[in-house]
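Remarks on the structure that follows.
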């Protein structure tokens, strides 16, 4: 069963070369622009040092999927939500992504199907990151992911 899950996970994964963006700032902008819901305010805060920093393609894919999954869950499960906050900041050798809504405190996704937050957690593990999801500090729901970033000296091989 483990082998089958790994194979299905590989088949579901996007190839980094297919990404239409090259920086974390571009990822956030593209997803925010695509998230059009009347009555929903989306507020983004991307650390200026990370917005245009070159990062590995697998990190961009993980950032994309984290934000995309969290926004999808807001649309599907955050009853009464009117505001979503997306934050991206550096955190001791990693990048932290938070997506918080002001909707109800119900879980943002079912884990029964093996996709959604469960699948996102598995994706984070494959890149050495972590994922947490649960009620936000002021109600609503919060998804937080931490992804490792290579040191600046190792980034010379990445083109931005």
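Numbers at a glance
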{"item": "Extension reserve of the residue 122-residue 48 stretch, reckoned as 0.36 nm per residue once the Cα distance is removed", "result": "23.8 nm"}
{"item": "Among 56-69, 119-132, the order from most to least packed when residues are scored by Cβ within 10 Å on average", "result": "56-69, 119-132"}
{"item": "Length added when fully stretched, residue 83-residue 34, from 0.36 nm per residue minus Cα-Cα", "result": "16.1 nm"}
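Values quoted throughout were computed directly from the atomic coordinates according to the rules given, and no laboratory measurement underlies them. Here the structure is a predicted model, which is why all the values come from computation and not from measurement. Counting neighbours? That spans all protein chains shown, and the Cβs are built from the backbone with ideal geometry, glycine included.
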